[in-house]
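The values are calculated or read from the model by the stated rules, or taken from the named source; none is laboratory data. Because the structure is a prediction, the values reported are computed rather than measured. Here Cβ is always computed from backbone atoms with ideal geometry, including for glycine, and neighbour counts include all displayed protein chains. The accessibility values were calculated without ligands, DNA or RNA, using every heavy atom of the protein model including side chains. Shrake-Rupley method; radii C 1.70, N 1.55, O 1.52, S 1.80 Å.
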Amino acid sequence: MRCHLKQVFLLAAGLLILTRVYVYMRRAESGNLKGSLTWIWDKETWVDDLKGHYLHFNVSIKVLAGVFQPSKKYLTVGLSSVKRKKGSYLQDTLQSIFSASSEEELDQMVIVVLLSDFDVSWIQQTLEKITDEFHMRLSKGQLLVIHANEDNYPPLTGLKRNFNDAPDRVSFRSKQNVDYSYLLHFSSNLSQYYIMLEDDVSCSKNFLTSMREHVGSVGNSKWVTLEFSKLGYIGKLYQSRDLPILARFLYNFYQEMPCDFLLLHFHRLLMQEKVIRFRPSLFQHMGTYSSFRGTFNRLKDEDFVEEVADNPPADISTNIETYQTNTVDKAYSQGLEYFWGVSPIGTENYILVVFHEPVLISRAQIVTGLDGKDELVYADVELGKTLVKKESEVECSGFDKLGSLQQGQFNEAAVQKLVPATMACLRIRVTAAQTTWVVVRKIQVWTVKADQTT
């Protein structure tokens with residue numbers, strides 16, 4: 001009973017804190033980002049009953065490298081890095097962010113790295129490596145490196161041992177919450193959106209463009225967090241207007257639970273009941289050793305793809321019998337689900353993708369089979385030029401053969417050279433009978449953008 005009452009009180013306190021922070025921040029002036037930042041929180045804004053739970057949020061954040069941009073960007077990419085016992089992935093992570101992005105995309109973002117270790121020599125060495133390798137990005141204001149001194153932190157030892165964690169793990173995850181809190185606080189006025197990464201992550205090509213499309217697909221629906229990876233605190237997107245309240249939330253409950261647990265509570269408290277996660281994942285964990293104790297870490301996101309297909313709007317159909325709800329459109333959706341067709345399958349069978357608008361295709365990939373079974377063994381991939389609309393259906397004609405599936409797979413990276421014209425449809429045509437069922441996991445199409453046709 002006492003435990004239940006304590007949970008109710010903490011929840012009520014959290015709601016009240018969030019509400020008051022939200023109101024306070026709406027009244028506050030925009031942050032002034034010059035050199036070192038100091039935000040002094042007004043303790044008198046809190047009611048007397050909560051003053052016993054109050055933690056000072058007076059933090060000075062130093063900018064170690066980089067220059068501020070004169071205007072807000074579309075996206076801030078934030079990550080915190082500490083000294084590891086084994087391995088170091090920070091520079092690889094930064095290189096992945098920059099190499100996966102076009103110059104046009106980089107003009108719309110800023111990357112903020114918080115060097116959050118208290119080892120001064122490590123900070124200096126890491127800073128030198130970053131400035132040597134990324135000096136151009138620093139001078140353009142596309143990369144900022146920051147640090148908060150140890151005396152800015154609340155107590156990190158003798159904390160609550162919730163979940164029966166060992167004391168060193170409690171200290172590690174509690175400090176991590178404060179690290180993220182300071183990183184969010186610093187980044188709150190830099191851009192329209194903010195995404196959290198870790199310092200051992202690789203990125204999907206053109207991830208910003210993919211994210212922008214997903215944000216656009218949400219439309220006017222209210223949301224707090226959009227997820228572009230299923231792992232921990234990787235690939236979580238926020239609206240920058242919510243960062244001050246999230247920073248305060250992580251700080252106030254820093255010793256209660258790990259950050260990914262707190263984040264679930266955060267979006268529920270702000271009335272987003274369900275997780276909104278997009279597939280495929282745009283970020284992959286690449287570290288081999290954990291930043292905590294240097295333990296071996298196999299963590300991978302199987303939904304990650306290095307290059308997300310464009311898959312332009314299209315109608316997908318097939319005359320292969322479908323098993324239960326495993327419809328053919330799922331092969332085109334780039335999600336976890338797939339098309340599952342029932343045998344027998346013969347030369348009269350096909351899968352047809354009819355594009356809503358003619359497209360110039362640069363690459364096409366077909367992936368069939370699951371766990372070494374149910375591959376589509378014999379089939380050609382064809383592109384059609386002409387659509388004929390009839391009363392009940394649309395027919396495609398003028399096909400050119402692009403190639404054939406090999407061991408259930410097809411991947412042509414130079415479609416534009418083979419077929420240098422806009423196409424109305426793509427067809428997978430069975431060329432020989434098979435008695436086994438068929439799984440089509442992916443039908444992926446990449447297109448040439450209008451500004452690339454010249």
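Compute the distance in nm between two label points, each set 7 Å from the Cα along the Cα-to-Cβ direction, one at THR436 and one at HIS214. So the two model labels end up 3.3 nm from each other. Between GLU391 and LEU156, the contour length at 0.36 nm per residue exceeds the Cα-Cα span by 77.5 nm. Can you list the residues of segment 67-90 with backbone N under 11 Å from a point 7 Å past the Cα of GLU128, pointing along Cα to Cβ? Those under the cut-off are none; the list is empty. In whole percent, what relative contact order does segment 314-447 give with Cα contacts below 8 Å and a gap of six or more residues? Relative CO of segment 314-447 lands at 38 percent. For segment 184-224 and segment 295-374, what is the centre-to-centre distance using only Cα atoms, to the nearest Å? Answer, in whole Å: 26.
Applying 1/(1 + (r/R0)^6) with r as the Cβ-Cβ distance of LYS373 and GLU104 and R0 = 25 angstrom yields a FRET efficiency of 0.05. One decimal place: the segment VAL120-LYS140 gains 4.6 nm when fully extended, by the rule 0.36 nm per residue minus the C-alpha distance.
Take the Cα radius of gyration of segment 69-163 and divide it by 2.2 N^0.38 Å, N being the number of residues; the result is 1.25.
For segment 314-447, the solvent-accessible area with a 1.4 angstrom probe is 51 square angstrom per residue. Per residue, the solvent-accessible area of segment 37-285 (1.4 Å probe, heavy atoms of protein chains only, all protein chains present) comes to 42 Å². Dimensions of segment 199-324 based on its C-alpha atoms, expressed as ranges along the principal axes with the largest first, amount to 57, 39, 32 Å. Calculate I(q)/I(0) for segment 254-397 by the Debye formula, one identical point scatterer on each C-alpha and no solvent, and give its log10 at q = 0.09, 0.17 Å⁻¹ to two decimals. Rounded to two decimals, the profile gives -0.48, -1.14. Positive end of the dipole of segment 37-285 (Cβ unit charges, origin at the Cα centre): among ASN149, SER139, SER229, the Cα lying farthest that way belongs to SER229.
Label positions at ARG268 and LYS85, each projected 7 Å from the Cα along the C-beta direction, are separated by 3.3 nm. Modelled this way, with points 7 Å down the Cα-to-C-beta line, the labels at GLN192 and LYS449 are 1.5 nm from one another. Across segment 37-285, the volume of the C-alpha convex hull divided among the residues equals 140 Å³ per residue. Dipole size of segment 37-285 about its Cα centre, with +1 on Lys/Arg Cβ and -1 on Asp/Glu Cβ: approximately 500 debye, rounded to the nearest 20.
Stretching the chain fully between LYS230 and ASP92 yields a gain of 47.6 nm (0.36 nm per residue, less the alpha carbon separation). Heavy-atom accessible area for GLU213, with the other protein chains in place and a 1.4 Å probe, reaches approximately 120 Å².
Charge tally around SER88: other residues with Cβ under 11 Å, Lys/Arg +1 each, Asp/Glu -1 each, net +2.
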